[in-house]
Amino acid sequence: MEADGYRCRSSRALEGGESALPGSLLFGAGLLGNLLALFLLGQQRLRRGRPPPASAFYLLVSGLAVTDLLGKCLLSPMVLVAYARNRSLSELWPAGAAAGGQPGRLCQLFAFLMAFFGLAPTLLLLAMALECWLSLAHPYFYQRHLPRRRAAALLAAAAAALCALFCALPLLGFGATVQYCPGTWCFIRMAGGAAPARGYSVLYASLLGALGLAIGLCNLASMRSLYRMARRPHRRSGRPAARAPAAPRMEELDHLVLLALMTVLFTVCSLPLIVRAYVGAFAADFNEKADLTALRFLSVNSIVDPWVFIIFRTSVFRKFLHRVCRRLNSKKATTPRLL
């Protein structure tokens with residue numbers, strides 16, 4: 001048997017000193033937040049009487065809330081059952097667990113779901129960033145070639161298929177899963193092991209980092225487009241205003257601010273995992289406490305995401321944002337331009 005530093009990889013009972021209360025509170029917060037976010041999204045459309053067809057951004061935000069909700073409803077009950085029975089995840093479904101300390105089927109399922117629901121929201125964020133950038137930087141191309149419902153459905157389906165295929169690679173032999181202390185966490189092995197295991201952890205972390213970078217670049221490009229629209233002088237010709245977009249609309253600004261907040265949250269929650277994957281792959285650093293902290297940061301993303309949306313949708317926050325934008329525009333209008 002290969003010796004490594006994962007002391008709970010073969011444990012049958014949970015490590016002592018751990019309580020189910022933090023996991024229960026996080027599950028309740030995630031469940032309540034995502035349900036409230038979906039309720040607010042539904043109320044937003046019902047207030048308009050006969051609502052128009054949903055925009056791509058609206059569908060993608062709804063898909064993000066549903067994805068986060070599914071992740072919490074599938075993962076958290078496994079953890080709570082493990083605490084209730086005082087058994088590790090591998091012991092709850094030990095069929096297929098070999099004597100060499102290999103994880104059980106439930107542990108492998110948990111690791112797959114954890115990887116999937118860590119990556120799928122990131123791809124949805126990227127789809128939202130691309131949609132926002134195209135609608136601002138290339139509005140005519142966006143309106144003509146990207147039907148809203150079809151584009152959102154295709155993006156969501158492609159993201160789900162790619163995530164499922166990539167996250168299933170450890171089950172097919174490329175990569176490895178391991179059970180972390182106290183026996184209620186299973187995820188990609190991030191330190192030691194064979195070359196495929198180390199390669200997959202680095203590939204997963206690199207993909208997270210590349211997606212985060214792409215989201216940030218799309219947000220910067222969208223901000224640049226909004227700035228150009230704000231500086232563009234109003235035309236006084238007889239052309240209809242609808243055919244010549246001038247000042248940025250508040251709807252696009254709302255989308256961009258919400259997307260920027262979620263991007264910052266994703267970066268903060270995923271960065272510890274990216275660092276641990278690289279450190280463990282190249283230095284064989286079996287710091288299980290640091291690995292567990294990185295996993296908890298990754299799981300917190302789906303809990304805080306809906307609350308960011310809920311706070312953003314409050315009238316106080318939106319009035320504050322619009323007031324700041326009006327003040328900036330008024331200062332820009334009163335500032336004399338030097339020739």
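The values are calculated or read from the model by the stated rules, or taken from the named source; none is laboratory data. Since the model is a prediction, treat every value here as computed from it, not as a measurement. Quick reminder, even Gly has a Cβ in these numbers, built from the backbone with ideal geometry, and neighbours come from all protein chains shown. For the accessible areas, the whole protein counts, side chains as well, though only heavy atoms, and no ligand, DNA or RNA atoms are used. Shrake-Rupley method; radii C 1.70, N 1.55, O 1.52, S 1.80 Å.
Miscellaneous remarks
- Extending 7 Å from the Cα toward the beta-carbon at both ARG296 and GLN143 defines two label points whose distance is 5.1 nm.
- Calculated accessible area for segment 174-229 comes out at 34 Å² per residue, all protein chains present (probe 1.4 Å; ligands, DNA, RNA ignored).
- Computed on protein heavy atoms with a 1.4 Å probe, the accessible areas place HIS138, HIS255 in the order HIS138, HIS255, largest first.
- Paramagnetic reach from ALA164 in segment 101-140 [backbone N under 14 Å; point 7 Å along Cα→Cβ]: 113, 116-117, 120
- The heavy atoms of CYS8 offer some 10 square angstrom of accessible surface to a 1.4 angstrom probe.
- Sorting ARG224, ARG276 on solvent-accessible area from highest to lowest, probe radius 1.4 Å, gives ARG224, ARG276.
- Set of segment 271-299 residues, backbone N closer than 19 Å to the point 7 Å along the Cα-Cβ line of GLU18: 273, 286-299
- Rounded to the nearest 10 Å², the accessible area of VAL268 at probe 1.4 Å: 80 Å²
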